[in-house]
Amino acid sequence: MTRLALCLTAALLGGALALLDGCSSGGAHGNGSSGKGYSAPEGKRPSGTHVTIHVPADAPTISDAVSVAHPGDLVLVSPGTYHESVRIDTARVTLRGASRQKVVIDGRLQQANGVVVAAPGVAVENLTVENNTQNGVLVTGSARAVAGLPGQSGGYDTGDEPVTFLKSFLVSYVTATHNGLYGIYAFSAQNGVIEYSYASGGADSGIYVGQCKPCQVVVRDNVAELNAVGYEGTNASGDMYVVGNRFVGNRVGLTTNSDHQEKLLPQRGAVVAGNLIADNQQPGTPEQADGGWGIGIGVDGGSGNRFVRNRIAGNSDAGFVITATADLPPNGNQITDNTFTGNGVDVGWTFPNSTHGQGNCLRGNTQHTTVPARIATTASCPLPSESATPSGTWKAPTAPAGIPFTDVAAPGPQPQFPNATTAGATALPAVPVLPTTADVPLPPLSLLATGARVQVG
């Protein structure tokens, strides 16, 4: 009998659960070995009982463990390389690695996703996901996305059916590297946090949040480097916070944009504050289909966003670019109290097609060059919403060819989840605590430098 089965049996005996060492959430590693075909006793668990399921001691694979987990359980994974795609369909399960570096879910370029979160209240913590043809971690309420069925135009859910949201999630202390689309991907998901994670070798972007309104999503304290794009927020609107991250050494640091390939157009209402966005012209990176090179922040048809106290440095094309997406203008974006140094152009607004923006403004930034010139004066915040946004052009540097995402430099060691083997399951709030923008400081150049491959300057 496995340790988990012993725990459940003890629970049936009326309180004996507490007497068995390791039966409660966060207990000691069991010595049992379940072998193939492991399953928990069905219908026998008392209400409110939570256990820790150890992999491989109690279940031979991560997928086996999450398939028998109940809400509130912790699946704790021992060091090893696991060649599987894990799908979590049970609410409020915590999936945690005992070691961030040594627990590796490796797709071997034979599967689409490393971990798929398809239930609310799930936490994924302290492990590495790599070598997937699409995503390292996918969090989504979209049945089509779970099934890996992109729409005809390249996005998900492009039909007439309503958007279905997954509500409440956490991705924390996760390393996602060498994935064919996104490292960490939250799509049609609300009320979540992506934190303390590392993403590299993303052929599209390291971290992506798409198709949510209102999002109530916080992306904080992450490192994204050596991706085509460090962070991308597409049609991600309302209480969408990107705070205190290191987006250094990608081809493009950060974009927030509207895109017809996803629902909930247009994008609006994100806060991007206190991030280090620097040196985003790294040659050893995958090349995104849409191109882009040497850009710190790009706003492409996004509106009503606030960019506050970011440090934007050393991006060879431009520190901050605003442009339009086809028929979708960027309106009412505010760029305030940011520090720009060493960029090809610090702030550039360009509209090569007939669609232009309105009401975009600047205030209190440290910048040296703008295109058009003098927009820091002529477009100073506050600005009437109907004020036309001027357009200009500048010569962009020539981008080198990208490299295969599988050839991107491997990540170094990353910080561990505190007390990974002794902490209990992680209970998530219905809505995360949202940052107070006024409390977010201007970051130093050394922000989250420990463990980063690309150093500033």
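The values are calculated or read from the model by the stated rules, or taken from the named source; none is laboratory data. Keep in mind that this is a model prediction, so the values were computed, not measured. Methodologically, a virtual Cβ is constructed for each residue, glycine included, from the backbone with ideal geometry; neighbour enumeration extends over all protein chains shown. To get the accessible areas, we keep the full protein, side chains included, count just its heavy atoms, and leave off ligands, DNA and RNA. Shrake-Rupley method; radii C 1.70, N 1.55, O 1.52, S 1.80 Å.
Points worth noting:
- Cβ pairs under 8 Å, 6+ apart, first in the range 299-317 and under 20 Å from Val440 (Cβ atoms), second among the charged types (D, E, K, R) and open to solvent by less than 50 Å² (accessible area, probe 1.4 Å): Ile312/Asp346; Ala313/Asp279
- All positions within the range 224-240 that are in a loop (DSSP other than H, G, I, E, B) and buried (at least 24 other Cβ atoms within 10 Å of the Cβ): Glu225, Leu226, Asn227, Ala228, Ser237
- Of residues in the range 272-288 being free of Cβ contacts under 8 Å to residues at least 60 places away in the same chain and of a type outside the set (S, T, N, Q), the one surrounded by the fewest Cβ atoms within 10 Å (Cβ to Cβ): Val272
- All of (1) in contact with a His (Cβ under 7 Å, 6 or more places away or on another chain); (2) surrounded by fewer than 19 Cβ atoms within 10 Å (Cβ to Cβ); (3) under 18 Å from Gly298 (Cβ atoms) hold for Ala388 with one exception: (3).
- Flag if Thr393 is in a loop (DSSP other than H, G, I, E, B) and either touching a residue at least 40 places away in the same chain (Cβ under 8 Å) or closer than 26 Å to Pro71 by Cβ (or both): yes
- Within the range 94-109, considering residues that are within 19 Å of the chain's Cα centre (by Cα) and among the β-branched types (Val, Ile, Thr), the one surrounded by the fewest Cβ atoms within 10 Å (Cβ to Cβ): Val104
- Odd one out for Asn227, checked against (1) within 15 Å of the chain's Cα centre (by Cα); (2) free of Cβ contacts under 8 Å to residues at least 24 places away in the same chain: (2)
- Beta carbons closer than 7 Å, at least 6 apart along the sequence or on distinct chains, pair a first residue in the range 158-182 that is over 12 Å from Ser200 (Cβ atoms) and open to solvent by 30 Å² or more (accessible area, probe 1.4 Å) with a second that is among the polar types (S, T, N, Q) and in a strand (DSSP E or B) for Val163/Gln211; Phe165/Gln190; Lys167/Gln190; Lys167/Asn191; Tyr173/Asn126; Leu181/Asn135.
- Complete set of residues in the range 72-93 that are small (Gly, Ala, Ser) and either open to solvent by less than 30 Å² (accessible area, probe 1.4 Å) or not in a loop (DSSP other than H, G, I, E, B) (or both): Gly72, Ser78, Gly80, Ala91
- The single condition from (1) surrounded by 13 or more Cβ atoms within 10 Å (Cβ to Cβ); (2) within 20 Å of Ile277 (Cα to Cα); (3) polar (S, T, N, Q); (4) out of contact with any Lys or Arg (no Cβ under 9 Å at 6 or more places or on another chain) that Thr437 fails is (4).
- Residues that are under 24 Å from the mean Cα position of the chain (by Cα) and either charged (D, E, K, R) or in a strand (DSSP E or B) (or both), drawn from the range 324-353: Thr325, Gln334, Ile335
- Checking Leu362, Leu328 one by one, the residue that is touching a residue at least 60 places away in the same chain (Cβ under 8 Å), open to solvent by less than 40 Å² (accessible area, probe 1.4 Å) and not polar (S, T, N, Q) is Leu328 and no other.
- If you go through the range 396-422 and keep only what is more than 29 Å from Gln134 (Cα to Cα) and in contact with an Asp or Glu (Cβ under 9 Å, 6 or more places away or on another chain), you end up with Ala396, Pro397.
- Checked against (1) touching a Ser or Thr at 6+ places or on another chain (Cβ under 9 Å); (2) on the phi > 0 side of the Ramachandran plot, Thr234 meets all criteria but (2).
- Selection over the range 399-454 of residues that are free of Cβ contacts under 8 Å to residues at least 24 places away in the same chain and either polar (S, T, N, Q) or in contact with a helix residue (DSSP H, G or I) (Cβ under 9 Å, 6 or more places away or on another chain) (or both) gives a count of 3.
- Qualifying positions in the range 58-71 - open to solvent by 10 Å² or more (accessible area, probe 1.4 Å), part of a loop (DSSP other than H, G, I, E, B) and touching a strand residue (DSSP E or B) at 6+ places or on another chain (Cβ under 9 Å): Thr61
- Within this structure, Pro41 fails the test of being part of a loop (DSSP other than H, G, I, E, B) and at pLDDT 50 or above.
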